[in-house]
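Beneath this line is the structure, given in C-alpha cells, with notes to follow.
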Amino acid sequence: MGMLDGKVAIITGAGGGLGREYALLLAKEGAKIVVNDYGGSPDGRGGGSPAAQKVVDEIRAAGGQAVANGADVGDVASGASLLDAALDAFGRVDILINNAGILRDKSFVKTDEEDWDAVVRVHLKGTYAVTKPVFAWMKDNGGGVIINTSSASGLIGNFGQSNYAAAKAGVWGLSNVLAIEGARFGIRVWTLAPTATTRLTENLLPPELAAKWRPHRLAPAVLYMVSDAAAHLTGKTLSVSGSKIQELRLVAGPGYWPGDETPTVQDIVDNYDKIFLPETAPIGFE
Ligand SMILES: NC(=O)c1ccc[n+]([C@@H]2O[C@H](COP(=O)([O-])OP(=O)(O)OC[C@H]3O[C@@H](n4cnc5c(N)ncnc54)[C@H](O)[C@@H]3O)[C@@H](O)[C@H]2O)c1
C-alpha cells in the first residue's frame, strides 16, 4: 500500500530536475500525477519539448498513472488548464506542487525589463495562475496540500538574482496568506526552499556539493510534506538540500519602546540590543 493511494497530484515544471523526482516518488506511493512542463530552456525561452510526456512514460512504465500537460504556467488561462487536466483524467486534485522555474541571473543594473518580467512571471504569477483555481476547488471539496517553491538564496538574497529573489520572496508571502486563508477549509500550504544539482544550478553550486546533492535526495522530504505524516502542519517554510532539512522562519528582536514617549534617535542608539537580534551564522551551503 502506498502513502498516497487514491490521491491526485499536479506538479508544475515536472519534466526534469526536482519536479521529475517528486513526480516519480509520489507516483510510486500511489498518487496519480498531472506532469506539467512547458519544455523550454533554463532561461525560459523556447518551449514545446516533450519533457512532460517522457516523465509520464517513465511513471507508466513503473506501473503508475500520469498524464502530461504542456501549459505555460505564467499565463492565467493556461495555468488554469492544470486543474482541468486533473479533473478530466482523474476526477479530483489533492496535492499541488508549484515547482516550475527559470533563471536569468544578472547584476541588478544589467537586469532589463524583459529579464525582470520573465522571471517574476513564471515564479510568482505562475504560482498565482495555477493555484487560484486549484485552491478554489480544494476549498469546495474537503481540502488538500499545496507546496509553493521558493529559494533560500532568493529569501536571503544572492548576488545577481534581484528578479529571482523578488519573485521567490513573493511566493513565500503568498504561501503565508494561503496558509491562513486555507486553514478553515483543510488546505495546508507549505513553502519549500530546495537546493540540489539541476540544470539551473550545476554551475552555481560548489563542485563537491554538486556531485552529492542529486535531486532525488530531496523527494522524500516533499513526500513527507504532502502526506498525512505532516497532516498537522501548515504555513511552514522548509529548506531541503542534499544534506540537511531545516525550518526557516522570520524572527523578531526583543523590541523596545520608551513607555508613553516617542523614541528619539538617541533612544534607538542606546537600546540597540533590545531592538536588533544578535548576529547568527548565515544560512549557507554545508
Ligand atoms: N535546484 C536548486 O538548487 C534550486 C534552489 C532553489 C530553488 N529552486 C527552485 O526549484 C524549482 C525547480 O527547479 P530545478 O532546479 O529542478 O530546475 P529545472 O530547470 O530542472 O526544472 C524547472 C522546470 O520548470 C519548467 N518550466 C519553466 N518555465 C515553465 C513554465 N512557464 N511553465 C511550465 N513549466 C516551466 C522547465 O521546463 C523545467 O523542466 C524552481 O522553481 C527553482 O527556482 C531550485
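Just name one of LEU96, VAL120, ALA221: the one whose Cα is farthest towards the positive end of the charge dipole of region 8-248 (beta-carbon charges, Lys/Arg +1, Asp/Glu -1).
Value: ALA221.
Report, in listed order, any pair from LYS54/LYS212; LYS132/LYS244; LYS32/LYS212; LYS28/LYS244; LYS125/LYS168; LYS54/LYS125 with a Cα-Cα distance greater than 20 Å. Could the numbers behind the result be given before it?
Numbers: LYS54/LYS212 25 Å; LYS132/LYS244 31 Å; LYS32/LYS212 29 Å; LYS28/LYS244 23 Å; LYS125/LYS168 11 Å; LYS54/LYS125 26 Å.
Long pairs (Cα-Cα over 20 Å): LYS54/LYS212; LYS132/LYS244; LYS32/LYS212; LYS28/LYS244; LYS54/LYS125.
So for the chain, taking the charge dipole from beta-carbon charges (+1 Lys/Arg, -1 Asp/Glu), which of PRO207, GLY143, LEU25 sits furthest toward the positive end?
LEU25
Could you go through region 3-20 in sequence order and give the Karplus-derived ³J(HN,Hα) for each residue, using 6.51 cos²θ - 1.76 cosθ + 1.60 with θ = phi - 60°, rounded to whole Hz, and x for Gly and Pro?
5, 10, 3, x, 8, 10, 10, 9, 10, 8, x, 9, x, x, x, 5, x, 4
What relative contact order, as a whole-number percentage, does region 232-280 give when Cα pairs under 8 Å and 6 or more residues apart are counted?
Working: 33 pairs, mean separation 14.4, N = 49.
29 percent.
Over the chain, average the accessible area per residue using a 1.4 Å probe and give it in Å², no decimals.
On the way: 14120 Å² over 286 residues.
Ligands and nucleic acids excluded, the result is 49 Å² per residue.
Rounded to the nearest 20 debye, what is the charge dipole size of region 9-134 about its Cα centre when +1 sits on each Lys and Arg Cβ and -1 on each Asp and Glu Cβ?
Working: 13 positive and 17 negative charges, 54 e Å.
Once rounded to the nearest 20, the dipole reads 260 debye.
Along the charge dipole of the chain, which of GLY40, THR197, LEU4 sits closest to the positive end, that is, farthest toward it, with unit charges on the beta carbon of Lys, Arg, Asp and Glu (+1, +1, -1, -1)?
So the residue furthest toward the plus end is LEU4.
Take every DSSP beta bridge whose two residues both sit in region 8-248, then give the antiparallel share in percent to the nearest 5.
Values: 5 of 31 bridges.
Approximately 15 percent, going by the DSSP bridge assignments.
Suppose every Lys and Arg Cβ carries +1 and every Asp and Glu Cβ carries -1, with no other charges. What dipole size does the chain come out with about its Cα centre, to the nearest 20 debye?
860 debye
Which of ALA14, ALA152, ALA89 ends up with the largest GNM mean-square fluctuation for the chain, with Cα atoms connected below 10 Å?
Looking only at ALA14, ALA152, ALA89, the largest GNM fluctuation is found for ALA89.
Just need the relative contact order of region 1-64 here, percent rounded to a whole number, with Cα pairs under 8 Å and 6+ apart. Could you put the intermediate results ahead of the total?
Working: 112 pairs, mean separation 21.6, N = 64.
It rounds to 34 percent for region 1-64.
What residues qualify as long-range amide H neighbours of ALA66, i.e. H under 5 Å apart, gap of 5 or more or another chain, H built at 1.01 Å from N?
ILE33
Convert 37 °C to kelvin, take the viscosity as 0.692 mPa s, use the Kirkwood radius over C-alpha pairs of region 8-248 as Rh, and evaluate the Stokes-Einstein diffusion coefficient in µm²/s, rounded to a whole number.
Numbers: Rh = 17.5 Å.
Diffusion coefficient, whole number: 187 µm²/s.
If packing is taken as the mean number of other Cβ atoms within 10 Å per residue, what is the order of 53-60, 242-249, highest first? Spell out each step's value before the answer.
On the way: 53-60: 19.2, 242-249: 12.8.
Per-residue Cβ counts within 10 Å, averaged per peptide and sorted highest first, yield 53-60, 242-249.
Helix 76-90 against the longest principal axis of the chain: what's the angle in degrees, Cα atoms only, rounded to the nearest 10?
Roughly 50 degrees, rounded to the nearest 10.
In terms of the Cα gyration tensor, with a ≥ b ≥ c the square roots of its eigenvalues, is region 101-228 rounded because a/c is under 1.5, prolate because a/b exceeds b/c, or oblate?
Oblate.
Would you give the gap between the C-alpha center of region 1-45 and the C-alpha center of region 217-286, rounded to a whole Å?
That distance is 30 Å.
The values are calculated or read from the model by the stated rules, or taken from the named source; none is laboratory data. Please read all numbers here as calculations on a predicted model, not as lab measurements. Every residue, glycine as well, gets a Cβ built from its backbone with ideal geometry; the counts of neighbours run over all protein chains shown. The protein model used for the area step is the full one, side chains on, heavy atoms only, and it has no ligands, DNA or RNA in it. Shrake-Rupley method; radii C 1.70, N 1.55, O 1.52, S 1.80 Å.
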